[in-house]
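The values are calculated or read from the model by the stated rules, or taken from the named source; none is laboratory data. Note that the structure is a prediction, hence the values are computed from the model and not measured. Here the Cβ is made from the backbone with ideal geometry for all residues, glycine too, and neighbour counts use every protein chain on show.
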C-alpha cells in the first residue's frame with residue numbers, strides 16, 4: 001500500500017455533506033478489495049477502532065474528531081449492468097444518483113426515486129434508503145461484506161431484516177463491498193422522463209443545494225416529521241450556525257459555520273418541542289459519530 005492512502009489527522013468536514021466534523025486520527029479511501037484487506041490487517045495489528053463512512057450524507061461527526069481509522073468507501077467504484085436481465089453488480093462506493101441515471105439510460109425500471117439521494121450504494125443499503133414509497137431493499141438480491149476480522153460473506157437481502165430506514169447492518173460491524181440488484185426492463189424514454197421529474201421535484205421541495213444531511217428524523221408513520229415541525233412554527237429556527245430549513249422542515253442546514261454542538265442542540269430542541277406539542281418523540285435518522 002502506498003503511504004498516501006493512509007493519512008493522519010485529516011479534517012472530516014470534507015467527508016460529510018454537512019461540512020461538519022473534526023480530524024480523523026487516521027483515514028483511508030480504499031479503491032479495491034486488496035486495499036480493504038490491508039487496512040483490516042493494519043487496524044487489527046494496531047488494535048484500533050474502525051468507523052465506516054460512505055458519502056457522509058447521513059452523518060454528524062463530532063468537532064473533536066474520531067479516534068481510530070475512518071474508512072471512507074466512496075472510492076470503491078465499479079458497475080456492471082445486464083440490460084436484458086436487469087441484474088446490476090455494483091461496488092458499494094458508487095453514488096446512488098449516478099446508478100439511478102445509468103439504470104434509466106439502460107431502460108431499467110426501479111431506481112427512478114433514487115436520483116436525488118446523495119449517498120453511496122453501501123450507505124443506502126445500510127440505511128435502507130428510500131423515497132416516494134420505494135426503498136433500496138425492494139430491488140436488492142444480495143450483498144458481499146468483509147468483517148473487521150477479514151471474513152468475506154455473501155448475504156441474501158432476505159437475511160438483512162429490512163424495515164423502514166433500517167437494516168441489520170446498522171447493528172453489525174461489516175464493510176459492504178458490493179451489491180447485486182435486480183431491476184425490471186421497461187420503456188427507456190419513459191423511465192428517463194420519470195427520473196428527471198423526480199430530480200426536479202426534489203430540487204423544488206428540498207434545500208438541495210444547501211449543506212444538509214438529508215432528512216434528520218424518521219417519519220413517525222403515518223405522520224410526517226416535517227409537518228409536525230412546521231406546524232409548531234419552527235421553520236427557520238436557528239441555534240448557532242444550524243438552521244431548520246425554510247423549504248423543508250426535516251432538514252437542518254449548515255447556514256453559517258455550524259458546529260456539531262449547534263446541530264446536536266437543534267435536534268434536541270426540535271425533539272422537545274414536538275414531544276411537548278404532540279407527545280411524539282422524533283427518532284433521528286442521521287448517524288452521530290465520535291460523541
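Points worth noting:
- You will find that of 137, 147, 142, the residue that is more than 19 Å from the chain's Cα centre (by Cα) and in contact (Cβ under 8 Å) with a residue 12 or more places away in the chain is 147 and no other.
- Of the residues making up segment 17-34, those that are more than 18 Å from residue 173 (Cβ to Cβ) and surrounded by fewer than 23 Cβ atoms within 10 Å (Cβ to Cβ) are 17, 19, 22, 23, 29, 31, 32, 34.
- All strands (runs of 3 or more DSSP E) inside segment 1-74 with 2 or more residues being out of contact with any helix residue (DSSP H, G or I) (no Cβ under 9 Å at 6 or more places or on another chain): 6-11
- Of the strands (runs of 3 or more DSSP E) lying entirely inside segment 85-170, those containing at least 2 residues that are buried (at least 17 other Cβ atoms within 10 Å of the Cβ) span 87-91, 140-147.
- Selection count, segment 123-150, where residues are touching a strand residue (DSSP E or B) at 6+ places or on another chain (Cβ under 7 Å) and closer than 13 Å to residue 166 by Cα: 5
- Against the numbered list (1) assigned by TED's automatic domain parsing to the domain that holds residue 145; (2) in contact (Cβ under 8 Å) with a residue 40 or more places away in the chain; (3) crowded, with 18+ Cβ neighbours inside 10 Å, residue 194 comes up short only at (3).
- Any hit, segment 36-44, residues being modelled with pLDDT of 95 or more and within 30 Å of residue 256 (Cα to Cα): no
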